[in-house]
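To start, the structure under review is shown below, and the notes come after it.
The values are calculated or read from the model by the stated rules, or taken from the named source; none is laboratory data. What you see is a predicted model; the values in this text were computed from it and never measured. We place every Cβ from the backbone using ideal geometry, glycine too, and count neighbours over all the protein chains shown. For the accessible areas, the whole protein counts, side chains as well, though only heavy atoms, and no ligand, DNA or RNA atoms are used. Shrake-Rupley method; radii C 1.70, N 1.55, O 1.52, S 1.80 Å.
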Amino acid sequence: MVDLYFSHTLPETKGQMYMKSRQTLIKSLSISALSMSAALMGCSVETDVTHLKKSSQPVPVEMISLTQEQIARTTTQPATVLPFYQTEIRAKISGYVKEVKADIGDYVKQGTILAVIDVPELQKQRQIIEARISQNQSEEKRAEAGIQLSQANVQSAEARLLQAKSELNRTKALVAAAEAEFDRTSDLVQRRSLESRVLDEVRKKRDSEMANQQTVSSAINSASADVVVARAKQKSAEADLQVAKSQTSIARHQLEELDVLLNYATIKAPFSGMITGRTVNPGDLVREGNEVGKGEPLFEIDQIEKVRVEIPVPEIEAAFISRGDVVKLSFPSFPAEEELKVAVTRFTGKLDPHTRTMLVEAEVPNPSRKLIPGMFGQATISLGSPAAANMLPARAIRFEGGKAFVYAVTDDVVSVVPVTTGMDNGNSIEILSGLEPGQKVVDAHLKRFKTGEKVAPIQ
């Protein structure tokens, strides 16, 4: 009986022991999992497995206050070096390139010959114009001689006119004398003191003198006409001279114009600088407009003794820019060198609609030519005199979705407060709105707080 009872109850006792062991193992694993999860979440777990609950203790944090500081407003932006002047040199005349006297990397002075274009047809045109000028000068001499001849003719005609007028005066005197003698003789004849035939002789003499007077008058008219003709010829000769001089002047201006075109055949540097591009070779055919290959310029030249540094300033700081503001420049190419200090030379006064930035320029002397056009750097511009600003360390400000906020603390209770930021000097950020001076906020912390959570300052 005992054996049978034992054999009957033994399997049931082993099953109970198995079930108890399994339940104990499950509880142990559950406690371990909860403990690990609670540890990762920064919570504590009570050792009693029957009472698990989260801790409600305040989170210890470092706190800082919004303070007002006197700071110099600055803006730090990327900067690009550009040549002070940059130009593309193109041809103003068509022809074959005879010589190329400059290449990339050459530093040239203003007026240095870079290339020569061969234009023999223009040289021939110049010879033709020079011959035309010689011809016109000969015409001028001929016209001058004609003027001299006409002047002599005028003088001769005037002399004849004067002589005729003198002769007229003489004949008038003779006519008057003949008239007097005729009257006297006629009176004597009527008195029969003289014979009538004597009166006939005196009449003939009077008529002869009157005819001579008419002849002299006609000579005066002829001499006057000759004077008019001579003077007209003189004016004609003077007009011929003016025409010849005008033709000479036109030919000279044509020659000057041609010389200007011939000067274009010699390509010269417009200013001192470095050749940064060359597309022309001896023998190339260039046309007016520099259609070499794909229409590229013959040369590119940059003036680099002095360079421009262009700085795009954002809209929020553009209004504070003034001429003369101090600009500190640094370049990655020269990390060991001190910052360059220059002044704002000019700015556009308007924002680029695409980038919402205003272009600011500073001129930088570059006598050693170490600043290369296209070089990238960083510019820090001082915007006026120091001013009071509410500042917080950058680490205390959080950003999400492009918007800034802080964890403000009042009576050890956290509030998520959106703020508007301003100037950023790399260490601190200006708070424009959202907080009052003296307001405490949570300093750098890994936890993401929610409004209403409690915190405690770290002692």
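Here are the numbers:
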quantity	calculated
Single condition residue 288 does not satisfy, out of (1) assigned to a strand (DSSP E or B); (2) among the acidic types (Asp, Glu); (3) open to solvent by 80 Å² or more (accessible area, probe 1.4 Å)	(1)
Tally, over the range 433-459, of residues that are among the hydroxyl-bearing types (Ser, Thr, Tyr) and either open to solvent by 70 Å² or more (accessible area, probe 1.4 Å) or part of a loop (DSSP other than H, G, I, E, B) (or both)	1
Checking residue 176 against (1) over 27 Å from residue 147 (Cβ atoms); (2) modelled with pLDDT of 70 or more; (3) surrounded by 14 or more Cβ atoms within 10 Å (Cβ to Cβ), the condition it does not meet	(3)
Tally of residues being part of a strand (DSSP E or B) and open to solvent by 40 Å² or more (accessible area, probe 1.4 Å) across the range 344-364	8
Residue check, residue 367 touching a residue at least 60 places away in the same chain (Cβ under 8 Å), under 40 Å from the mean Cα position of the chain (by Cα), closer than 30 Å to residue 273 by Cβ and surrounded by fewer than 17 Cβ atoms within 10 Å (Cβ to Cβ)	yes
Filter pass, residue 376 being open to solvent by 70 Å² or more (accessible area, probe 1.4 Å), among the aromatic types (Phe, Trp, Tyr) and at negative phi	yes
Qualifying residue in the range 366-375 (condition: under 30 Å from residue 288 (Cβ atoms) and assigned to a loop (DSSP other than H, G, I, E, B))	yes
Criterion: of a type in the set (Gly, Ala, Ser), in contact (Cβ under 8 Å) with a residue 24 or more places away in the chain and part of a strand (DSSP E or B) - qualifying residue of 91, 79, 102, 143	79
Checklist (1) under 30 Å from residue 457 (Cβ atoms); (2) open to solvent by 50 Å² or more (accessible area, probe 1.4 Å); (3) not β-branched (Val, Ile, Thr) applied to residue 402, failing item	(1)
Evaluation of residue 129 against (1) within 54 Å of the chain's Cα centre (by Cα); (2) farther than 30 Å from residue 236 by Cβ (one fails), failing number	(2)
Tabulated pairs, the range 112-128, first touching a residue at least 40 places away in the same chain (Cβ under 8 Å), second of a type in the set (Gly, Ala, Ser) and in a strand (DSSP E or B), C-beta under 9 angstrom, 6+ apart or interchain	117/95; 118/95; 119/95; 122/95
Number of the condition not met by residue 80 [criteria: (1) open to solvent by 60 Å² or more (accessible area, probe 1.4 Å); (2) modelled with pLDDT of 65 or more; (3) of a type outside the set (A, V, I, L, M)]	(1)
Every residue from the range 257-273 that is open to solvent by 30 Å² or more (accessible area, probe 1.4 Å), touching a residue at least 40 places away in the same chain (Cβ under 8 Å) and in a helix (DSSP H, G or I)	259, 261, 264
Where residue 85 falls short, out of the listed (1) in a helix (DSSP H, G or I); (2) surrounded by 14 or more Cβ atoms within 10 Å (Cβ to Cβ)	(1)
Only one of 351, 340 that is free of Cβ contacts under 8 Å to residues at least 40 places away in the same chain, on the phi < 0 side of the Ramachandran plot and in contact with a helix residue (DSSP H, G or I) (Cβ under 9 Å, 6 or more places away or on another chain)	351
Pick from the range 95-115, criterion in contact with an Asp or Glu (Cβ under 8 Å, 6 or more places away or on another chain) and crowded, with 17+ Cβ neighbours inside 10 Å, ranking: farthest from residue 304 (Cα to Cα)	95
The lone exception for residue 268 - which of (1) at positive phi; (2) in contact with a Gly (Cβ under 9 Å, 6 or more places away or on another chain) it fails	(1)
Qualifying residue in the range 311-324 (condition: of a type in the set (Lys, Arg), outside any loop (DSSP other than H, G, I, E, B), open to solvent by 50 Å² or more (accessible area, probe 1.4 Å) and at pLDDT 90 or above)	no
Residues located in the range 371-412, provided they are touching a residue at least 40 places away in the same chain (Cβ under 8 Å) and within 23 Å of residue 440 (Cα to Cα)	387, 388, 389, 390, 391, 392, 393, 395, 396, 407, 409, 412
